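Contents: one structure, followed by commentary.
The values are calculated or read from the model by the stated rules, or taken from the named source; none is laboratory data. Computed from a predicted model, the values in this text were never measured in an experiment. No Cβ is skipped: glycine too gets one built from the backbone with ideal geometry, and neighbour counts run over all protein chains shown. These area figures cover heavy atoms from the full protein model, side chains too; ligands, DNA and RNA do not enter into them. Shrake-Rupley method; radii C 1.70, N 1.55, O 1.52, S 1.80 Å.
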Amino acid sequence: MFLWGTATASYQIEGAVREDGRGPSIWDTFSHEPGRVRDGHTGDVACDHYHRWAEDVALMAGAGLNAYRFSIAWPRVLPSGYGAVNPAGLDFYDRLVDALHERGITPVPTLFHWDLPQALEDEGGWLSRDTAGRFADYAAVVAERLSDRVDMWITLNEPFVHMVFGYGLGMHAPGRTLFLDALPVAHHQLLGHGLAVQALRAAGARQVLVTNNCTPVWPASGSEEDRAAADAYDTLHNRLFNDPVLLGAYPDLSAYGIDGLDVVRPGDLETIAQPLDGLGVNYYNPTRIAGPGADGLPFRDAGITGYPTTAFGWPVVPEGLRELLEGLAARYGEALPPVYVTENGCSYEGIDDQERIAYLDGHIAAAERVEGVDLRGYFVWSLLDNFEWAEGYHQRFGLVHVDFETQRRTPKASYHWLRERIAARS
Ligand code: BGC
Ligand code: BGC
């Protein structure tokens with residue numbers, strides 16, 4: 001069965017950040033720091049999904065969707081990151097999973113979508129190797145409760161974006177600006193992934209994936225310099241996270257003047273390269289790269305012109321999805337498991353969102369033309385307009401409009417269109 005779903009993330013939709021024993025996360029801390037998020041927005045209330053989940057599940061069913069990718073808030077389950085379990089936190093996801101099944105919707109939980117318990121950040125966050133083991137312990141707690149009703153699990157969401165925006169550039173929580181010194185965050189997240197796969201399987205999980213943010217990288221010109229820069233960027237954004245998981249090896253980082261990651265210990269790569277049942281791929285747009293960059297970086301973003309853009313200013317390049325997926329098949333061959341597009345979508349204003357329809361139609365059509373990839377699912381980001389990280393509530397990615405004053409949900413034109421599009425295919 002091909003999975004047609006939407007994707008969301010706990011901090012972006014749940015709200016209720018101090019309810020039922022939830023502990024603070026790094027996003028609670030960060031969003032309350034002045035100047036971090038546009039207009040001082042926070043996820044304190046967000047879409048109030050913690051209370052309105054039943055209505056939201058009904059919306060999914062109304063669109064004819066058969067899958068739902070959501071994330072579990074680690075600080076709801078383990079308020080201090082490890083140690084005492086908060087049963088009320090598990091109860092919330094337990095009810096949600098049951099409600100999804102009642103509507104014939106396959107639950108696809110992601111264990112980490114960036115809301116790290118603050119207590120773990122206080123001990124070093126993903127810069128600390130211990131966080132990897134804590135993550136596996138948390139995975140085991142959740143799987144023991146849910147694996148009888150959850151078939152498919154995703155460990156991490158976009159470890160690249162969490163490393164670069166959270167620890168490298170400081171635009172996301174925890175707001176560190178370590179530049180390349182953030183690289184241990186890649187390894188510790190990947191190690192956490194591998195350990196979590198083992199923990200999930202031990203607790204009865206049947207299918208396990210990881211979700212990476214991937215981008216086709218276009219050299220700005222045919223020059224030697226731009227091609228080398230594009231290759232260096234591809235290494236950092238794509239290969240650094242796909243190679244260890246699929247091939248059991250890190251790519252060559254010499255373009256960064258780095259001769260191997262010194263935090264890697266013997267056996268780590270074997271742990272990271274656990275066999276997977278699928279690769280989750282999030283695609284938004286290609287990246288055009290020139291060389292060299294500033295601050296000792298071997299690349300710079302040259303920008304893409306000549307395409308329509310979303311309200312976020314991101315270029316709309318549907319064929320990039322096909323290029324990306326076929327590129328993964330070319331690079332990984334037999335090592336590429338089935339692929340799920342676990343996020344694809346766009347920010348636009350308005351309820352009569354014809355641009356979103358055009359975006360989704362173009363990307364779904366491009367996915368349908370992909371050759372040589374066992375593509376098994378497509379998830380729209382997102383079900384609801386929600387808390388778009390550093391942009392607050394300004395970027396609206398939902399199929400369903402949310403009035404954040406009243407929490408009223410209004411399905412957009414794209415919601416109705418998607419229902420027809422799915423029905424026409426099956
Ligand atoms: C993230 C989402 C985010 C979306 C749009 C993805 O990188 O996983 O949390 O809302 O992009 O920016
Ligand atoms: C984040 C945005 C960020 C964007 C950059 C998204 O995942 O949510 O805040 O600007 O990535 O690509």
- prompt: On the given criteria, is ALA54 among the small types (Gly, Ala, Ser) and over 22 Å from the mean Cα position of the chain (by Cα)?
  reply: yes
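Applying the selection to the range 399-414, what residues are open to solvent by 10 Å² or more (accessible area, probe 1.4 Å) and not charged (D, E, K, R)?
HIS401, PHE404, THR406, GLN407, THR410, PRO411, ALA413, listed by residue number.
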- request: Could you tell me whether HIS162 is closer than 17 Å to TRP74 by Cα and either open to solvent by less than 10 Å² (accessible area, probe 1.4 Å) or within 16 Å of ligand 2 (Cβ to nearest atom) (or both)?
  value: yes
task: Return only the number of the condition from (1) within 16 Å of ligand 1 (Cβ to nearest atom); (2) open to solvent by less than 50 Å² (accessible area, probe 1.4 Å) that MET171 does not satisfy.
output: (2)
Pairs with Cβ under 7 Å, 6+ apart, first in the range 391-416 and within 16 Å of ligand 2 (Cβ to nearest atom), second open to solvent by 40 Å² or more (accessible area, probe 1.4 Å) and not hydrophobic (A, V, I, L, M, F, W, C): GLU391/ARG38; GLY392/ARG38; GLY392/ASP39; GLY392/HIS41; TYR393/HIS41; HIS394/ARG38; ARG396/GLU349
Out of TYR93, TYR68, sole residue that is among the hydroxyl-bearing types (Ser, Thr, Tyr), open to solvent by less than 20 Å² (accessible area, probe 1.4 Å), modelled with pLDDT of 95 or more and more than 25 Å from ARG419 (Cβ to Cβ): TYR93
message: Pairs please, first residue from the range 303-314 and without any contact (Cβ under 8 Å) to a residue 40 or more places away in the chain and open to solvent by 80 Å² or more (accessible area, probe 1.4 Å), second anywhere and of a type in the set (A, V, I, L, M, F, W, C) and away from ligand 2 (no atom under 13 Å from the Cβ), Cβ atoms under 8 Å, 6+ apart in sequence or on different chains.
response: TYR307/VAL316; TYR307/VAL317
query: Do we have any residue at all in the range 208-226 that's open to solvent by less than 30 Å² (accessible area, probe 1.4 Å), under 21 Å from the mean Cα position of the chain (by Cα) and of a type in the set (Asp, Glu)?
result: no
query: Which of the residues belonging to the range 346-375 are open to solvent by less than 80 Å² (accessible area, probe 1.4 Å), more than 21 Å from the chain's Cα centre (by Cα) and of a type in the set (Asp, Glu)?
result: ASP353, ASP361
- prompt: Checking VAL317 against (1) open to solvent by less than 10 Å² (accessible area, probe 1.4 Å); (2) more than 15 Å from ligand 1 (Cβ to nearest atom); (3) in contact with a His (Cβ under 8 Å, 6 or more places away or on another chain), which single condition isn't satisfied?
  reply: (3)
task: State all residues of the range 177-201 that are open to solvent by 10 Å² or more (accessible area, probe 1.4 Å) and closer than 21 Å to ALA73 by Cβ; if no residue qualifies, say none.
output: LEU195, ALA199
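Of the residues LEU279, LEU324, only one is closer than 24 Å to THR8 by Cβ, out of contact with any Lys or Arg (no Cβ under 9 Å at 6 or more places or on another chain) and assigned to a strand (DSSP E or B); which?
Working: LEU324 fails: assigned to a strand (DSSP E or B).
After ruling out the rest, the residue left standing is LEU279.
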field: Residue check for ASP295: modelled with pLDDT under 95 and out of contact with any Pro (no Cβ under 8 Å at 6 or more places or on another chain)
entry: yes
query: Residues ASP252, ASP234, ASP226, ASP181: which one is of a type in the set (D, E, K, R), part of a helix (DSSP H, G or I), over 27 Å from GLY345 (Cβ atoms) and in contact (Cβ under 8 Å) with a residue 12 or more places away in the chain?
result: ASP226
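Taking the range 5-45 as the region of interest, how many residues are over 18 Å from the mean Cα position of the chain (by Cα) and aliphatic (A, V, I, L, M)?
4
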- request: Looking at (1) in contact (Cβ under 8 Å) with a residue 40 or more places away in the chain; (2) assigned to a helix (DSSP H, G or I); (3) open to solvent by 40 Å² or more (accessible area, probe 1.4 Å), find the lone condition where ARG76 falls short.
  value: (3)
